[in-house]
């Protein structure tokens, strides 16, 4: 059985001590994946941004807030795991400067300059040992695979799970999974719980059982 590191939920990028940029990730898919992995006999460590869901009691949960914190915590856990499932939706951008206190309301336009955050799954993949496997998630409008296939190459992952914007804050989802050669290895639609069970089974067949 595998020791799985699961990233989950959104992260926050703070403008000041009060306001932040985030996204609509709910953590529901990660919760379902954790439940399915535990039911299959695996051990699960979850590095999660702020969510309202309750993760399984048998999972080890490490709460974080920012993208940098998610990466730092995941890097700390990486040596002890067999593989990573990156189901989180970390902020891709953050303000160039976080101001202390609270930006006062003004009658003029406030200009916000953003810079890219560090790529969590790509960094983990670069630090991974040859036996460790990596699964990325890609949320794409219309589940368009073109950008996702670019991502799997750039991020050096073994599989990428593509889903549509309709998965946000929903109990259902539709996914298509591609491997490193850009071949489709499966599709599944339904509740997040049923899709999660199918995904864990697929990951086992593709990597865990093979010892990748």
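So how do 93, 203 line up by other beta-carbon neighbours within 10 Å, fewest first?
93, 203
Please give the Cα centre distance for the range 116-131 versus the range 44-72, rounded to the nearest Å.
Their Cα centres are 18 Å away from one another.
In which sequence would 42, 131, 182 go, from the one with the fewest C-beta neighbours within 10 Å to the one with the most?
Result, fewest neighbours first: 131, 182, 42.
By how many degrees, 0 to 90 and rounded to 10, does the Cα axis of helix 67-77 deviate from the longest principal axis of the chain?
Orientation of helix 67-77: about 40 degrees from the principal axis.
For a protection proxy built on the mean count of beta-carbon atoms within 10 angstrom, sort 9-16, 106-113, 144-151 highest first, please.
Per-residue mean Cβ counts within 10 Å order the peptides as 9-16, 144-151, 106-113.
Please report Rg (one decimal) and Dmax (integer) in Å for the Cα set of the chain.
Considering the chain through its Cα atoms, Rg and Dmax are 17.3, 61 Å.
So how tilted is helix 192-203 from the main axis of the chain? Cα-based, degrees 0 to 90, rounded to 10.
Rounded to the nearest ten degrees, it is 60.
Taking the mean number of other Cβ atoms within 10 Å as a proxy for protection, how do you rank 74-82, 117-125 from highest to lowest?
117-125, 74-82
To test your reading of the geometry: what angle, between 0 and 90 degrees and rounded to tens, separates the Cα axis of helix 145-155 from the longest principal axis of the chain?
Roughly 90 degrees between the two axes.
Counting other beta carbons within 10 Å of each Cβ, put 192, 205 in order, fewest first.
Details: 192 24, 205 12.
By the 10 Å Cβ count, ascending: 205, 192.
Ignoring everything except DSSP H segments at least 4 long, calculate the 222 nm mean residue ellipticity for the chain; use -39,500 (n - 2.57) per segment, divide by total residues, nearest 500.
-7500 deg cm²/dmol, from helical runs alone.
Each value in this text was obtained by applying a stated rule to the coordinates, not by laboratory testing. Every value quoted in this text rests on a predicted model; they were computed, and no experiment measured them. So basically every Cβ, Gly included, is an ideal-geometry build from the backbone, and we count neighbours across all protein chains shown.
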